[in-house]
Amino acid sequence: MRRSWARRAFIDLMMKAPLLLSVAPAGLAACRTAGPGAIAARQRACVKRIVYLMFPHPEVGDEPYERAVVGIFDLVGRRPDLAALIGQGLEKLDGGQPGAWIALDEAGQVARLREIETSPFFRSVYQATIDHLYNDERVWSHIGYEGSSFEKGGYLGRGFDDIDWL
Amino acid sequence: MAKVFDNRDDGVVVVIGSGAGGATVSRELSSAGIKVVCLEAGGPVDRIETDAARMFGKLTWFDKRIGSGDLPADFPVWSGKNVGGTTLHWTGSTPRIPQAEFAPRRYFSALADCSVIDWPVPYAEMERAYERAERAMGVSGTHGWPKLPGNNNFRVLQAGGRKAGLQKIDVGNMAINSVLQGGRSACLQLGFCVSGCAVQAKWTAANTPIAQALETEHFELRPRSFVVRIETGADGRASEVVYVDAQGARQRQRARAVCVAANAIDTPRILLNSDSSRFPQGLANRSGHVGRNYMKHVFSIVTAILPKPVHFHRGTQNSGKVYDFVTGDPARGFAGGFAFEQVAFDPASLVRLARPGAWGQEYASQIRRYDHFAALLVMGEDPAQPANRVTLHATEKDQYGMPVPVVHYVDHPNSRAMRTFAQARAREIYAALGSREVFFGPPPPATHNMGTCRMARRAEDGVCDAWGRTFDVPNLFVSDGSLLSSSGSSNPTLTIVALALRQADHIKESMRRAEL
């Protein structure tokens with residue numbers, strides 16, 4: 001159910017901004033280009049990298065991170081205050097040089113994020129990341145959360161007390 | 001069939017709030033033939049889904065509240081805004097407050113900056129009220145209803161607790177059906193107790209007392225009716241309740257008597273906003289205690305990664321208790337006692353609560369082992385402090401034009417000592433099973449909100465008498481957790497229902513004697 005909901009939001013966004021999404025996969029290169037579409041793409045690529053560095057689960061692949069970014073920018077689209085916060089936050093992260101942060105190696109990126117981890121920008125992305133990434137069914141199955149059991153009659157006959165190693 | 005009453009009908013009892021207390025009073029009075037209008041700020045919950053994030057959105061009170069002191073500034077407490085109030089969100093835990101905790105001055109009197117009082121209700125009366133409340137709620141583990149079976153999280157708590165030398169480990173009494181009764185299903189161990197319970201195995205104010213009241217000829221529920229003020233007449237009695245209806249229009253409902261049950265934040269908020277020339281400090285606030293003595297239990301979330309899978313998300317979230325530390329012992333370095341209660345979280349909540357603010361490789365690898373987690377909540381007795389209080393913001397107003405409530409709370413040093421001790425004991429439970437990763441989270445935004453219009457023996461010590469009737473206004477009652485004279489170390493809902501049952505008896509009797 002959640003996946004279809006996320007997909008709807010995803011399709012919604014594609015309809016609204018086809019250009020933006022087609023530029024997004026250009027990733028790092030896009031981060032160094034100017035122009036309104038490219039700025040949006042650069043922002044998305046940077047936020048996606050931040051989301052990954054906050055909670056890296058390489059085994060789940062790219063898709064949950066992409067979905068999280070779609071979800072975050074869906075929210076940004078509805079909240080001008082958040083759009084401004086993210087725009088300014090990313091500028092600061094780059095230290096005034098567009099593309100500077102994402103060009104760092106992983107250790108450098110993480111170190112820079114640690115410096116700003118109490119900023120409102122970082123906290124906002126952090127909260128939104130938890131909401132999206134950890135409500136993603138691919139991530140759920142990876143970490144062992146089974147979600148709703150209502151459709152299957154509950155966990156009563158499905159292991160609610162099956163622990164056998166105590 | 002439900003009734004519709006005229007706004008000018010001054011023969012109705014107006015109940016503000018449809019949670020545990022308000023719904024219980026509504027049911028008791030309407031089933032005795034007394035006319036009741038229940039004004040509920042929220043709407044009915046259309047569909048309960050087994051999805052923690054979506055239900056959080058549906059059930060939570062999101063209107064602006066400001067936290068100060070130790071509380072989160074933007075979300076100081078966690079309560080419900082819907083028909084049934086916070087009972088849709090609650091876990092179903094229904095322990096009685098033990099007798100010793102009805103006289104907390106015995107162990108708390110030496111604490112500085114406190115305003116601890118003993119309860120004005122004799123314990124024998126509380127026992128009778130508890131019995132009635134347990135029957136009304138169908139509490140499993142009481143009156144012949146079998147206890148719920150323990151789930152994996154419980155079995156970890158039990159095995160670890162025993163190895164750590166603890167003895168009073170139990171699934172506890174729960175207002176969740178272990179067998180079909182009261183027209184509600186038996187528990188299927190869905191694991192979404194705090195998201196409303198999709199099979200209605202959990203008692204809620206909506207599925208039992210409100211449903212029962214609606215079957216009488218004497219009850220009208222008005223959802224999306226947000227009360228802003230209670231008016232008093234020339235005789236000093238509550239005469240009218242002013243509320244904003246679903247269309248945003250101001251309405252007035254005349255009243256024979258008023259029962260305020262809007263949760264311990266909004267009950268004092270309404271009284272403070274009902275000031276008048278007769279009551280310049282707020283309605284029923286001659287004592288100055290309205291909004292003061294706010295208590296929320298000494299909480300801490302303890303999560304642990306066990307060596308092998310637990311699957312703590314499967315089944316009832318809160319049905320596991322440790323009562324070894326309920327009786328206080330000064331040798332521990334603090335006064336009062338605490339319980340452990342098992343809890344379980346969906347992934348997003350676990351990430352937020354296990355190590356708040358943490359991120360990166362290490363934390364992700366810990367969350368990767370979600371299915372190895374077990375968790376418990378420390379729940380300790382919170383001494384009343386007059387400075388912990390609910391006030392009205394001087395300038396800021398909400399969408400109803402009502403001043404925003406400011407909730408101030410600072411932990412007493414006794415509570416900090418208790419929390420540290422309890423965390424160390426909790427670590428022993430999980431370490432006994434081989435866990436080397438035990439995390440102590442800060443207190444979550446409280447759902448146990450108590451004491452802000454407390455019952456007292458003397459009018460100078462509180463807002464209400466032993467029946468929950470305000471000392472200052474003879475036809476004004478408080479019918480929710482605001483009433484609790486002390487917090488005890490037990491989940492408050494059973495006590496709220498027990499007090500509401502007693503209060504309804506008192507109102508019926510007063511009406512029979514034409515005193516109300």
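When the residues of segment A:116-131 are filtered to those that are polar (S, T, N, Q) and part of a loop (DSSP other than H, G, I, E, B), which remaining residue is farthest from the other protein chains (Cβ to nearest Cβ)? Among those that are polar (S, T, N, Q) and part of a loop (DSSP other than H, G, I, E, B), it is A:S119.
A single entry from A:Y65, A:Y134, A:Y155, A:Y52 fulfils the requirement of being buried (at least 19 other Cβ atoms within 10 Å of the Cβ), within 8 Å of another protein chain (Cβ to nearest Cβ) and under 22 Å from B:Q361 (Cα atoms): A:Y134. Among the residues of segment B:117-146, those identified as buried (at least 16 other Cβ atoms within 10 Å of the Cβ) and closer than 30 Å to B:H311 by Cβ are B:M137, B:G138, B:V139, B:S140, B:G141, B:T142, B:W145. For B:H393, the conditions (1) farther than 21 Å from B:A264 by Cβ; (2) surrounded by fewer than 19 Cβ atoms within 10 Å (Cβ to Cβ); (3) away from chain A (no Cβ under 14 Å) all hold with the exception of (1). Within segment B:267-295, residues that are on the phi > 0 side of the Ramachandran plot have Cβ atoms under 6 Å from residues that are of a type in the set (A, V, I, L, M, F, W, C) and part of a loop (DSSP other than H, G, I, E, B) in these pairs: B:G282/B:V290; B:A284/B:V463; B:A284/B:V473; B:N293/B:A384, counting only partners at least 6 apart in sequence or on another chain. Taking the criterion of being out of contact with any helix residue (DSSP H, G or I) (no Cβ under 9 Å at 6 or more places or on another chain) and either over 18 Å from B:D266 (Cα atoms) or surrounded by fewer than 23 Cβ atoms within 10 Å (Cβ to Cβ) (or both), the residues of segment B:4-36 that qualify are B:V4, B:F5, B:D6, B:N7, B:R8, B:D9, B:D10, B:G11, B:V12, B:G33.
Close contacts from segment B:336-365, counting a first residue that is more than 7 Å from chain A (Cβ to nearest Cβ) and a second that is in a strand (DSSP E or B) and of a type in the set (S, T, Y), with Cβ to Cβ under 6 Å and a gap of 6+ residues or different chains, come to B:A354/B:T303. Residues B:G57, B:G67, B:G11: which one is in a strand (DSSP E or B) and farther than 20 Å from B:W203 by Cα? Going through B:G57, B:G67, B:G11 in turn, the sole match is B:G67.
Give me the residue from segment B:431-481 that is part of a loop (DSSP other than H, G, I, E, B) and aromatic (F, W, Y) and, out of that set, farthest from B:S68 (Cα to Cα).
Narrowing segment B:431-481 to residues part of a loop (DSSP other than H, G, I, E, B): B:432-436, B:442-445, B:447-449, B:451-454, B:456-458, B:462-463, B:465-468, B:471-475, B:479-480.
From what is left, the residues that are aromatic (F, W, Y) are B:467, B:471.
Details: B:W467: 32, B:F471: 29 Å.
Here the residue is B:W467.
Restricting A:G27, A:G77 to those that are modelled with pLDDT under 95 and on the phi > 0 side of the Ramachandran plot reduces the list to A:G27. Of the strands (runs of 3 or more DSSP E) lying entirely inside segment B:206-283, those carrying at least 1 residues that are within 26 Å of the chain's Cα centre (by Cα) are B:219-222, B:226-232, B:238-244, B:257-260. Residues in segment B:84-116 that are within 18 Å of the chain's Cα centre (by Cα) and surrounded by fewer than 21 Cβ atoms within 10 Å (Cβ to Cβ): B:P98, B:F102. Scanning segment A:137-152 for residues that are facing chain B (nearest Cβ under 7 Å), within 14 Å of B:A348 (Cβ to Cβ) and part of a loop (DSSP other than H, G, I, E, B) returns a single hit, A:Y145. If the condition is being in contact with a helix residue (DSSP H, G or I) (Cβ under 7 Å, 6 or more places away or on another chain), among the small types (G, A, S) and over 30 Å from B:F338 (Cβ atoms), then segment B:467-510 contributes only B:A504. B:A211 satisfies every condition listed in (1) in contact with a strand residue (DSSP E or B) (Cβ under 6 Å, 6 or more places away or on another chain); (2) free of Cβ contacts under 8 Å to residues at least 40 places away in the same chain; (3) of a type outside the set (S, T, N, Q); (4) closer than 18 Å to B:P44 by Cβ except (1).
Check whether at least one residue in segment B:291-300 is within 14 Å of another protein chain (Cβ to nearest Cβ) and not small (G, A, S), and report yes or no.
Our first condition is that a residue be within 14 Å of another protein chain (Cβ to nearest Cβ); within segment B:291-300, this holds for none.
No, segment B:291-300 contains no residue that is within 14 Å of another protein chain (Cβ to nearest Cβ) and not small (G, A, S).
Would you check which residues across segment B:166-211 are of a type in the set (K, R) and closer than 22 Å to B:G19 by Cβ and list them? The answer is B:R184, B:K202.
The values are calculated or read from the model by the stated rules, or taken from the named source; none is laboratory data. Keep in mind that this is a model prediction, so the values were computed, not measured. Counting neighbours? That spans all protein chains shown, and the Cβs are built from the backbone with ideal geometry, glycine included.
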